[in-house]
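Q: Below you'll find the structure I mean.
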Protein chains: 2
Amino acid sequence: MSEKELRRSLSVLPIGTVMKLTDLTARQIRYYEQQDLVFPQRNDGNRRMYSLNDIDRLLEIKDYLDEGINIAGIKKIYEQQKRERQKRQSERERQLTDPDVRRILRDELMNLGGLGDYDQLHPGS
Amino acid sequence: MSEKELRRSLSVLPIGTVMKLTDLTARQIRYYEQQDLVFPQRNDGNRRMYSLNDIDRLLEIKDYLDEGINIAGIKKIYEQQKRERQKRQSERERQLTDPDVRRILRDELMNLGGLGDYDQLHPGS
DNA sequence: CTTCTCATGTCATGTTTTATAACATGAACC
DNA sequence: GGTTCATGTTATAAAACATGACATGAGAAG
């Protein structure tokens, strides 16, 4: 994952900030989550924490609703997009040879150590 | 201000998030503010809200401290940088003619209306 | 015209997070 | 030994948030 993608997916914004950035109420934001349209992280105190990607998603949902699409429809749209992504992904993987896969896996494992500290990756061990 | 600069200067992060991103304690973050090294915004409820620029600044402060520079020294460094910026800025302005200045001022005023709604710019009026 | 559903509003209650101020402390320095 | 600096710790109050329940207005369906 690129640096930019990583920053966009960091869950750092509380719901109050999200309200201001999206002009949605807390009720709406939580409702969309209940309908499985957004998936905020939770911090240690059970508070919802949102990423910039989540913001984009919420603004998108707002647009769809403004267009008259209901939540069931929006859900279908996202399911469709998810299927598309998975298809492209498996297609990419299909074109990799076995040595490729092993090399990629090894590289990913080598990278793990640099992303956080050991305790965070292995809590209580 | 460019779109990117604007995003980096949006005060959207609560102190808890800043603690995790910078690995500083709340005590440290507030102390650096007390020493005029960072200037977080406050929200309606008097909570400090930080921007990405603030995060950078805090990480920088941490580095300076790790290098053995004390807060008085860090303050001097930032004052110096500020003077440099002001000098370059006034140099740029000096090269503008009076009509230039008037045009720029007018353009900035014209842009104000598009950035927020009227009530926000003129609360209670 | 009633009934139902959907998206959202509102309210009550409990927990978490933050602000502020005060006192405490360890290291470095004189 | 006494000061200063950067930070820790604690107490107290206020703000923000989570959850769950009940309310509601608009539209669809009967």
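Q: Any residue in the stretch B:30-43 that's more than 14 Å from B:R57 (Cβ to Cβ): show its pairings with residues that are open to solvent by less than 40 Å² (accessible area, probe 1.4 Å) and within 9 Å of DNA strand D (Cβ to nearest atom) at Cβ separation under 8 Å, as long as the two are six or more apart or on different chains.
A: Between residues of the stretch B:30-43 that are more than 14 Å from B:R57 (Cβ to Cβ) and residues that are open to solvent by less than 40 Å² (accessible area, probe 1.4 Å) and within 9 Å of DNA strand D (Cβ to nearest atom), the close pairs are B:N43/A:G16.
Q: How many of the residues in the stretch B:42-74 are in a helix (DSSP H, G or I) and not β-branched (V, I, T)?
A: The total comes to 15.
Q: Mind listing whichever residues of the stretch A:70-79 are within 16 Å of DNA strand D (Cβ to nearest atom) and either of a type in the set (G, A, S) or open to solvent by less than 50 Å² (accessible area, probe 1.4 Å) (or both)?
A: Result: A:I71, A:A72, A:G73.
Q: Another question, if that's okay. For A:L6, only one of the following conditions fails: (1) open to solvent by less than 90 Å² (accessible area, probe 1.4 Å); (2) at pLDDT below 95; (3) outside any helix (DSSP H, G or I). What is its number?
A: (3)
Q: List every residue pair whose Cβ atoms lie under 6 Å apart, where the two residues are 6 or more positions apart in sequence or sit on different chains, the first residue falls within the stretch A:65-90 and is within 17 Å of A:L37 (Cα to Cα), and the second residue, located anywhere, is in a helix (DSSP H, G or I) and not aliphatic (A, V, I, L, M).
A: Sorted first by the residue in the stretch A:65-90, then by its partner, the pairs are A:I74/A:Y64.
Q: Across the stretch B:9-36, what is the total count of residues that are in a loop (DSSP other than H, G, I, E, B), under 21 Å from A:Y50 (Cβ atoms) and within 11 Å of DNA strand D (Cβ to nearest atom)?
A: Final tally of qualifying residues: 2.
Q: So for the stretch A:9-19 (the condition being loosely packed, with under 12 Cβ neighbours inside 10 Å and at pLDDT 95 or above), does at least one residue qualify?
A: Within the stretch A:9-19, not a single residue is loosely packed, with under 12 Cβ neighbours inside 10 Å and at pLDDT 95 or above.
Q: Right, another one. If the Cβ limit is 9 Å and pairs must be 6+ apart or interchain, which residue in the stretch A:1-27 that is more than 12 Å from every other protein chain (Cβ to nearest Cβ) and without any contact (Cβ under 8 Å) to a residue 60 or more places away in the chain pairs with which residue that is part of a helix (DSSP H, G or I) and among the small types (G, A, S)?
A: Qualifying pairs under 9 Å: A:A26/A:G16.
Q: Can you find a residue in the stretch B:37-44 that is more than 14 Å from DNA strand D (Cβ to nearest atom) and among the basic types (K, R)?
A: No, the stretch B:37-44 contains no residue that is more than 14 Å from DNA strand D (Cβ to nearest atom) and among the basic types (K, R).
Q: Does B:M49 satisfy the criteria of being open to solvent by 60 Å² or more (accessible area, probe 1.4 Å), within 14 Å of DNA strand D (Cβ to nearest atom), within 14 Å of chain A (Cβ to nearest Cβ) and closer than 24 Å to A:K20 by Cα?
A: Here the answer is no, as B:M49 does not meet what is asked.
Q: Could you identify the single residue in B:D54, B:D44, B:D66 that is within 14 Å of DNA strand C (Cβ to nearest atom), open to solvent by 30 Å² or more (accessible area, probe 1.4 Å) and within 14 Å of another protein chain (Cβ to nearest Cβ)?
A: Residue meeting the stated conditions: B:D44.
Q: What are the residue pairs meeting all of these: first residue in the stretch A:50-64, first residue at negative phi, second residue among the small types (G, A, S), Cβ atoms under 7 Å, and 6 or more apart or on different chains?
A: As it stands, the answer is A:Y50/A:S11; A:S51/A:S9; A:S51/A:S11; A:N53/A:S9, since those pairs meet every condition given.
The values are calculated or read from the model by the stated rules, or taken from the named source; none is laboratory data. If you're wondering where the values come from, they're calculated on a predicted model, not measured in any experiment. Every residue, glycine as well, gets a Cβ built from its backbone with ideal geometry; the counts of neighbours run over all protein chains shown. These area figures cover heavy atoms from the full protein model, side chains too; ligands, DNA and RNA do not enter into them. Shrake-Rupley method; radii C 1.70, N 1.55, O 1.52, S 1.80 Å.
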